[in-house]
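Take a look at the structure set out below.
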Amino acid sequence: MIHSLFLINASGDIFLEKHWKSVVSRSVCDYFFEAQERATEPENVPPVIPTPHHYLISVLRHRIYFVAVIQSEVPPLFVIEFLHRVVDTFQDYFGVCTEAAIKDNVVVVYELLEEMLDNGFPLATESNILKELIKPPTILRTMVNTITGSTNVGEQLPTGQLSVVPWRRTGVKYTNNEAYFDVVEEIDAIIDKSGSTITAEIQGVIDACVKLTGMPDLTLSFMNPRLLDDVSFHPCVRFKRWEAERILSFIPPDGNFRLLSYHVSSQNLVAIPVYVKHNITFREGSSQGRFDLTLGPKQTMGKAVESVLVSSQLPRGVLNANLNPSQGTYTFDPVTKLLTWDVGKINPQKLPSLKGTMNLQAGASKPDENPTINIQFKIQQMAISGLKVNRLDMYGEKYKPFKGIKYMTKAGKFQVRT
Amino acid sequence: MSSSSAFNDEKGGSSSVGEPEYGHDPASGGIFSSDYKRHDDLKEMLDSNKDSLKLEAMKRIVAMIARGKNASDLFPAVVKNVACKNIEVKKLVYVYLVRYAEEQQDLALLSISTFQRGLKDPNQLIRASALRVLSSIRVTIIVPIMMLAIKEAASDMSPYVRKTAAHAIPKLYSLDPEQKDQLIEVIEKLLADKTTLVAGSVVMAFEEVCPERIDLIHKNYRKLCNLLIDVEEWGQVVIINMLTRYARTQFLNPNINESLLEEGGGGEKTFYGSDEDEDEDDEEKEKEKKVEAAAMAKRKPYVMDPDHRLLLRNTKPLLQSRNAAVVMAVAQLYFHLAPKAEVGVIAKALVRLLRSHSEVQYVVLQNVATMTIKRRGMFEPYLKSFYIRSTDPTQIKILKLEVLTNLANETNISTILREFQTYIKSMDKDFVAATIQAIGRCATNIGEVRDTCLNGLVQLLSNRDELVVAESVVVIKKLLQMQPEKHSDIIKHMAKLTDNIQVPMARASILWLIGEYCEHVPKIAPDVLRKMAKSFTNEEDIVKLQILNLAAKLYLTNSKQTKLLTQYVLNLAKYDQNYDIRDRARFIRQLIVPTEKSGALSKYAKKLFLALKPAPVLESPFKDRDHFQLGSLSHLLNAKAGGYQELPDWPETAPDPSVRNVEVPEWTKCSSREKRKEKKVEKPFYSDSEGESGPTESADSESDSASGSESGSGSEGSGTGSESEESEEASVSEEEDEEEEKKTKKRESKKPVQESESEQSSEEEDRKRERKSKQRKSESESESDEEEDSESDSSQSESEDSESEAEIKKKKKAAESKPPSKPVKKDTKKEKKEMSLLDLDDFEPTPSPQVTPVNNLLSNSLVTDLEGLSLSDAVLSPATIAPSSALKSYELLHRITGEGLSVEYCFSRQPFSPDANMVAVQMHFTNNSTSDTKNLHMEDVKLQSGMRVKDFPEIELLPAGEKATAVMGIDFCDSTQAANFQLCTHTRKFFVSIQPPVGELMRPVFLTENEFKKEQGQLMGMNEIAEKLTLDAKCRNEHAIVQRVTTAANLSRVPCGSDKECRFAGRTVTSGSLVLVTVASREEGAAQLMVNCEKMLIGTMLVKDILLALTQ
């Protein structure tokens, strides 16, 4: 399985290495650097690179390449999924997953990696188990440790690994018992030039933050479970119960976790909450182009569209843009040719617009490609698919927990072609 | 950035480990000291008495290792601390050891004794971690020690330690492959493990050590399938991949018939169908025809092996896993194993993965691309999910394009082409080039749009971007080759482009086109050659070669105009720097310019150069990739990776499916049994057939625990529930032997039947069986006294349990020939057979006289019933006293489908005498036809794993108009899965199935109110399901409630003080789990129903059924 792991930063330095079997020389990464050079963009480095004696499987996150060295046949997704799990764990432990954070916590990182793989095969990847084994560093704990000389390694041996509910540790205690659920939906859409929807789908997740004492058994039911025909669950969800009754029944992990993610792809179901009027033209022979963009809300069920951010990659020939936003601010990076417009909230009475001219390179011919407009936005208190939680019940414990559910809709990969 | 890290590297651990320790630690003041000195102070710190200093030093050393700095010279200082009390220091020392032990083998040996001590620790986690480190130290000298440790750990009581043992197997194997045989033994043993914790790890070990030993899987196949959903996600991936390979060797191709059907329909399809499809079909046709012919010869329609079905069914829910690797594993399993009609389910899950990280997308799209070639229809509904966004990375874009191209057919091509049009305007030029090629492929595959595509491509020729134009030229060239005569104007247009296009490949393509079709453009061609001759020296090599080609072709067709030009070009080429071009020039000159020396070949020059060339096939690079197992590294790279296990072809005839039947290991491993005889702790019989207990209970582990430290087993008790049970049983095992004898005596005095049997059998056999029954007894005793009375049937059932299914089959035959009234006789027969198989020497052919215990049995059940009666409502009685009248009948066979024979069945709720674990099903046969029906019996029983059936005795004659009744027993394994079988008469066979309502899967037990409350208290939480309901208007008194509940489920009433509450109790038939039902009625028909049951599935279903019964 996984032989070794190298962490490589954006400038091509190997800043951490870990071997689970015999040591593999770091020179194996040269093949990776070669591939990196060939790729024009950082994300175009192929995830799987064959070398004469090894295979390199890498993921890129937070501008760090996690390169795993493999010696023999193994499902590539297995390794990729594991590497992402490693990154998630780091993020969970250190708040961020940056080179600095990893270097600062190199011992914890090493201890984590040691526990996560045994002989290259995943051993403990569940965050609750890991946190029992190795306590995440906090400022307070670091201080206490340095004074008292105690350690980050859990004194007790982890029982979670042995239990039937490996994702939950025993003996959890809270003074305030609370369970919060966030229903977050992202709209992925491609809108064509004329404003009609080419493809639109909703990617939803229910993230939970559960801080409950003991071993609570929760059930969550929906008003319209039929929407959820394509779902994936956290392992804690009892699948049979879902199949039979369309009720989510589970013993939750402690803390934050993703309960389920779902996918609504049927086109007519998806309401598009914003529209864009655009007019981006370049004239032949002239060194100027017109830029005219107006945003407006539609099908938002009365909710405000907030945190709107428009970005567009302008053609390479554009030298400069001279635009005038009716609200918010815009920036144009003349090197990357990236135009971003931070709109803020859309006021339906006074639609935000961005108008002006673009200057082209003198003498250059009219660019034949049209820029795509990417839009980000947020709508609070609404799930665009119409999904609604009916009720949340708790069994197995006596106290009354505080329950909360929040809905939010966001733009995922929302693109308007011009 | 790089300079700063270089700086850190020089300074070593002290500066970059992290501020806190450096800030507070006086010893790290030596930042500026030399390397040598720094190591010195680390050594000093390691030697100190203070844990904090040691920890500090270890942290710095680990930081050095992490950055790839050499810290091996500290080995002696570090290894001393291996026994340190501080856990973190210990852990870091382990990290260091695992890293450097290989380089310092001798010194590493110093640490071994610590681990050996750890292996004996009472705490399972310490045992596990000791084994983990011990096996991770790659020191060849300790191979025997490792082997011993692994063997010991493989029979450890703790499943966690066994898991670690499984992990250690591949480590030892890579260290010393000589150990393979011994390791396989350990693997075999661990494969039999029944805990989910071990399953994934041991299959991993199996895959690394002995993937070719597929025979080891047979017996564990069903268990693995059933455990799969509860195994941790990484283990799931490994198991699914292994099972895919296994299934390919053991089952028949489910698509044999369908592929034939498709062939018939293929005639229309191929016209539009892509060329590659046709090719493949052709190949496949041949193969399939053979297979089909073979199949037809046998006239055997394809019936899926139930084990094959089991695998498909149990993996399907995993498509919903959050782990992409698991989803992919299931998808490839379905792709490779499922009938065509069912493969579709994976599409949705795979499309969902496309939202994941781009690396995941990359791998998934590669696999989707391969799948779309074989099974295009599957992904067609998701076409739009593959549309490309401008923000996708280029490699993803190109893969999506590949998928879109594969999906294109005559109905969706217009939308796809419109989509392609926007892609062509993209800023990403590599992507644009790929799009143009994709258009070319669509055009070749779908004849209708060829002209549209060609026109579109020609328009692209005026694109400003040279790369776009060049790519278009290459593609147009390929398209034109298909029908050149129609397109001479396009060729002319392209000829003009030679002035502008600089991309060599495009120039070469144009020249080749003009040369090839010079007859269509007779005027332009010589002119192009003229221009090319002029620029010849500045061209790229491929262009030069094409100029030579063009010249040669023109010379042959139009020598008058081009003779001189050709000579000139050939002369230029003669002195070219590239030897290929010089060679080519020489070759062409010899061929086309007639001299007296030139031989026969020049006569054929025209034929050589202007032969009709077949149009190129534009095919997907993913065309043949599916011979690699999907989802594998080899598939992704399209090359065999080291350690890749080929996916075998389907067998033509299915291997014997009975190998997967879990059988008694005795006669396969006779020798090992001999050895164990002395130990008196044999009960593999029990553990193997029951499937309730882990392998800890198998002979070895018990002896271990008996001889080893008792404290070990004691501490186990503090573990989780299931474990403590195991360990208890194990620790009791010693005393059991003595107790056993007493108990057997007691039992024997009670049951003469048993005695007579045991007298016949050998001592050993006797002991074993007693042990079993004792175990059963001790279990049941702890549960309730009620079991005691029914001992006779429990002992009988055991004997059945323990028999292999093969034997059951034999028995069935025997049973069929016997009248139904003498079940006991059959039993003795069985006993005999079993014995004969076990101990041939002890076999005695004369059966001893037997007393039929039927009465005993009946009275048994009556006792319980009466007990219930005396205390509970009289309504209960119809359910038990007069079973057939009040019972609901279900139709098994309608008289129309049965050609006059109609069969109904009902659940008689009587204990099934031959086997208490079976549900008795009473069948009523009615012959409505005019002729007699003979030899009514059942055949070909298809069951889910774990289920068993006891056939009803054959009805030899059922005269016209007559009725008959028979009883069969089915062990539904506490599930509502249907039992499928064939009902055979002398002329016909009917496929029928019996599916039990959940209420019939239990038998009533009598509990007092206190017992009930106690039991209920233990079945809280997940095991409790409560539901509010409004009672039906007719069902508001206690009487009615009791009646309805007892009709819905085979439960007995529990006496209760309050008349507002009705309580019922029962046990599931197979596993004997308690089922407790409470109906509490409130005002106005409101009520609450509460079911407590260990088996949650049963509980849930029961709630539904009772709810229905009470509200309607």
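Some points to look at:
- Within the range A:219-240, residues that are within 11 Å of chain B (Cβ to nearest Cβ) and closer than 20 Å to A:GLY404 by Cβ reach partners that are assigned to a loop (DSSP other than H, G, I, E, B) and at pLDDT 85 or above with beta carbons closer than 6 Å, at six or more positions or on different chains, in the pairs A:CYS236/A:ILE251.
- Looking across the range B:500-528, the residues that are of a type outside the set (A, V, I, L, M), more than 21 Å from B:ALA433 (Cα to Cα) and outside any helix (DSSP H, G or I) come down to B:TYR517, B:CYS518, B:GLU519, B:HIS520, B:PRO522, B:LYS523.
- Selected residue (criterion: nearest to B:PHE386 (Cα to Cα)) from residues of the range B:323-376 that are in a loop (DSSP other than H, G, I, E, B) and free of Cβ contacts under 8 Å to residues at least 24 places away in the same chain: B:ARG355
- For the range A:369-412, the tally of residues that are part of a loop (DSSP other than H, G, I, E, B), within 14 Å of chain B (Cβ to nearest Cβ) and over 27 Å from B:ASP392 (Cα atoms) stands at 3.
- For the range B:322-359, a residue qualifies if it is basic (Lys, Arg) and at the interface with chain A (Cβ under 10 Å from one of its Cβ atoms), and the qualifying residues are B:ARG322, B:LYS348, B:ARG352, B:ARG355.
- Residue in the range A:118-125 that is within 9 Å of chain B (Cβ to nearest Cβ), touching a residue at least 24 places away in the same chain (Cβ under 8 Å), within 16 Å of the chain's Cα centre (by Cα) and under 25 Å from B:VAL203 (Cα atoms) present: no
- Index of the failed condition, B:ALA979 passing every other in (1) of a type outside the set (S, T, N, Q); (2) exposed (fewer than 15 other Cβ atoms within 10 Å of the Cβ); (3) without any contact (Cβ under 8 Å) to a residue 60 or more places away in the chain: (2)
- Across the range B:48-82, the qualifying residues are those that are in contact with a Lys or Arg (Cβ under 8 Å, 6 or more places away or on another chain), closer than 24 Å to B:VAL139 by Cα and in a helix (DSSP H, G or I), and the one among them that is nearest to the other protein chains (Cβ to nearest Cβ) is B:ALA66.
- Neighbours by Cβ (under 6 Å, 6+ apart or cross-chain): first from the range B:1072-1094, of a type in the set (S, T, N, Q); second crowded, with 17+ Cβ neighbours inside 10 Å and part of a helix (DSSP H, G or I): B:ASN1092/B:GLN1016; B:ASN1092/B:ASN1023
- Test: residue in the range B:383-403 that is more than 12 Å from every other protein chain (Cβ to nearest Cβ) and farther than 28 Å from A:PRO367 by Cβ: yes
- Looking at A:PRO225, A:PRO235, just one residue is under 14 Å from A:VAL183 (Cα atoms) and at pLDDT below 90, and that residue is A:PRO225.
- Single condition A:HIS84 does not satisfy, out of (1) crowded, with 20+ Cβ neighbours inside 10 Å; (2) in a helix (DSSP H, G or I); (3) at the interface with chain B (Cβ under 8 Å from one of its Cβ atoms): (1)
- For the range A:170-212, a tally of residues being under 14 Å from A:HIS263 (Cα atoms) and out of contact with any helix residue (DSSP H, G or I) (no Cβ under 8 Å at 6 or more places or on another chain) returns 11.
- Applying the criterion of being of a type outside the set (A, V, I, L, M) and in a helix (DSSP H, G or I) to the residues of the range B:1015-1032, the residue that is farthest from the other protein chains (Cβ to nearest Cβ) is B:GLU1015.
- The set of residues in the range B:128-164 that are away from chain A (no Cβ under 14 Å) and in a loop (DSSP other than H, G, I, E, B) contains only B:SER155.
- Output for the range B:115-127, where each listed residue is surrounded by fewer than 18 Cβ atoms within 10 Å (Cβ to Cβ), outside any loop (DSSP other than H, G, I, E, B) and at pLDDT 85 or above: B:GLN116, B:ARG117
- Some residue of the range B:999-1012 being β-branched (Val, Ile, Thr), closer than 21 Å to B:MET1090 by Cα and away from every other protein chain (no Cβ under 14 Å): yes
- Number of the condition not met by B:TYR362 [criteria: (1) facing chain A (nearest Cβ under 9 Å); (2) within 14 Å of the chain's Cα centre (by Cα)]: (2)
- Leading residue by the ranking (nearest to B:PRO614 (Cα to Cα)) among those in the range B:501-548 that are among the polar types (S, T, N, Q) and buried (at least 16 other Cβ atoms within 10 Å of the Cβ): B:SER509
- Residues in the range B:475-489 that are closer than 15 Å to B:ILE439 by Cβ and either at pLDDT 80 or above or in contact with a Phe, Trp or Tyr (Cβ under 9 Å, 6 or more places away or on another chain) (or both): B:VAL475, B:ILE476, B:LYS477, B:LYS478, B:LEU479, B:LEU480.
- If you go through the range B:909-946 and keep only what is modelled with pLDDT of 80 or more, closer than 25 Å to B:LEU1051 by Cβ and surrounded by fewer than 19 Cβ atoms within 10 Å (Cβ to Cβ), you end up with just B:HIS924.
- Residues satisfying the stated conditions in the range B:218-235, i.e. crowded, with 21+ Cβ neighbours inside 10 Å and among the β-branched types (Val, Ile, Thr): B:VAL231
- Any chance B:VAL1069 is surrounded by fewer than 24 Cβ atoms within 10 Å (Cβ to Cβ) and in contact with a strand residue (DSSP E or B) (Cβ under 7 Å, 6 or more places away or on another chain): no
- Test result for B:ALA1026, surrounded by fewer than 18 Cβ atoms within 10 Å (Cβ to Cβ) and modelled with pLDDT of 80 or more: yes
- Scan of the range A:188-205 for residues that are within 12 Å of chain B (Cβ to nearest Cβ) and not polar (S, T, N, Q), ordered by number: A:ASP188, A:ALA189, A:ILE190, A:ILE191, A:ASP192, A:LYS193, A:ILE198, A:ALA200, A:GLU201, A:ILE202, A:GLY204, A:VAL205
- For the range A:38-81, filtered to residues that are assigned to a strand (DSSP E or B) and free of Cβ contacts under 8 Å to residues at least 24 places away in the same chain, the residue that is farthest from the other protein chains (Cβ to nearest Cβ) is A:ILE49.
- Output for the range A:10-26, where each listed residue is outside any loop (DSSP other than H, G, I, E, B) and modelled with pLDDT under 90: A:ARG26
- Residue match in the range B:314-321 (condition: more than 8 Å from chain A (Cβ to nearest Cβ), surrounded by fewer than 24 Cβ atoms within 10 Å (Cβ to Cβ) and out of contact with any helix residue (DSSP H, G or I) (no Cβ under 6 Å at 6 or more places or on another chain)): yes
The values are calculated or read from the model by the stated rules, or taken from the named source; none is laboratory data. Treat the numbers as computed from the prediction; the structure is a model and nothing was measured. No Cβ is skipped: glycine too gets one built from the backbone with ideal geometry, and neighbour counts run over all protein chains shown.
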